[in-house]
Amino acid sequence: MKTNIVLIGFMGAGKTEVGRLLAEKRGYNFVDLDYIAEIRESMTINEIFKQKGETYFRDIENKILKDFKKNKDNILSSLKNFIPITLASSKSGNLIINGEDKRWVISTGGGMPVYKNNMEMLKILGYVLYLKAGAKTIYRRIRSEKNRPVLGESGFSEKDIKNILEERENVYKKADMIIYTDGLSQQGVAEEIDIFVSNL
Ligand code: S3P
């Protein structure tokens, strides 16, 4: 099956790093949609939340996806609506262009699939893989981070993560495939997906 790969899952599930590794392995292009939102708004995600609010951020996510969907067969042209890119300049960690005709690994923000009709659009864009990690694993990975607007500024507990995860799980599990990542390294997850994709 010739398709793009879309990675969804909670914050800290490893979507960006796994996406990057997978793209590297397969020679695909890679884009992190949080990064596109930041470029589009010329602000960090944190600043967008603080200055414009979450509803505004969710609108941006939805607009980016709509544009991607419209240009499903030429995502690069869609990206050019948001960023002035050249093939050569695009080797940063959040955007890797290996060629105009390459397939894409698309990494999403943790909340993206659960708002509006985003999940539907993600499925049109590619094969959707849910990188599933338990609350314990996620908490261990992100507990020291302060730049997690959805989890509040005054710190968060494993229970907070568990609660949001439970709310979102119903949507996440509509993915085409679930990859269980607890106990695996990001390299290990990328390898597993690589094998899986080779057989698609
Ligand atoms: C969010 C996750 C973040 C980012 C924003 C909101 C969420 O992305 O989009 O802070 O609602 O879970 P990552 O999952 O890439 O950290």
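None of the figures in this text is laboratory data; all of them are computed from the coordinates on show. Source: prediction; values computed, not measured. Virtual Cβ from ideal backbone geometry, glycine too; neighbours counted across all protein chains shown.
Brief remarks follow.
- Proximal charge balance of Glu47 [Cβ under 12 Å; K/R count +1, D/E count -1]: 0
- Asn62-Ile195 FRET efficiency (beta carbon distance; Förster radius 25 Å; 0.05 resolution): 0.15
- Surrounding net charge for Gly183, when Lys and Arg each add one and Asp and Glu each subtract one, Cβ distance under 13 Å: +2
- Counted charge near Glu166, where neighbours are those whose Cβ lies closer than 14 Å (Asp, Glu -1; Lys, Arg +1): +2
- Residue among Tyr127, Asn71, Ile138 farthest towards the positive dipole end of the chain, charges placed on Cβ: Asn71
- Between Pro84, Pro149, Pro113, the Gaussian network model of the chain with springs among Cα atoms under 10 angstrom shows the greatest mean-square fluctuation at Pro84.
- At R0 = 30 Å, FRET efficiency that the Cβ-Cβ distance of Asn81 and Ser154 yields, to 0.05: 0.20
- Here's the picture: charge each Lys and Arg Cβ at +1 and each Asp and Glu Cβ at -1 in the chain, and of Met43, Gly19, Thr55 the one pushed furthest to the positive end of that dipole is Thr55.
- Here the label points at Ile124 and Lys50, each 7 Å from Cα along the C-beta direction, are separated by 3.6 nm in the simple model.
- Cα Rg, Dmax (largest Cα-Cα span) when computed across the range 10-89, Å: 13.5, 39
- Distance from the alpha carbon centroid of the range 141-200 to that of the range 49-71 works out to 21 angstrom.
- Anisotropy class of the range 45-200 from Cα gyration tensor, a/c 1.5 cut: oblate
- Simple label model, 7 Å out from Cα along Cβ direction - Glu167 to Ser42, nm: 3.3
- Residues of type aspartates and glutamates that Lys25 reaches as a straight line, Cα spacing below 15 Å, ignoring anything fewer than 8 places off in the same chain: Glu17, Glu191, Glu192, Asp194
- Remark: Thr137, Thr55, Thr44, Thr108 ranked as Thr55, Thr44, Thr137, Thr108, counting other beta-carbon atoms within 10 Å and listing the fewest first.
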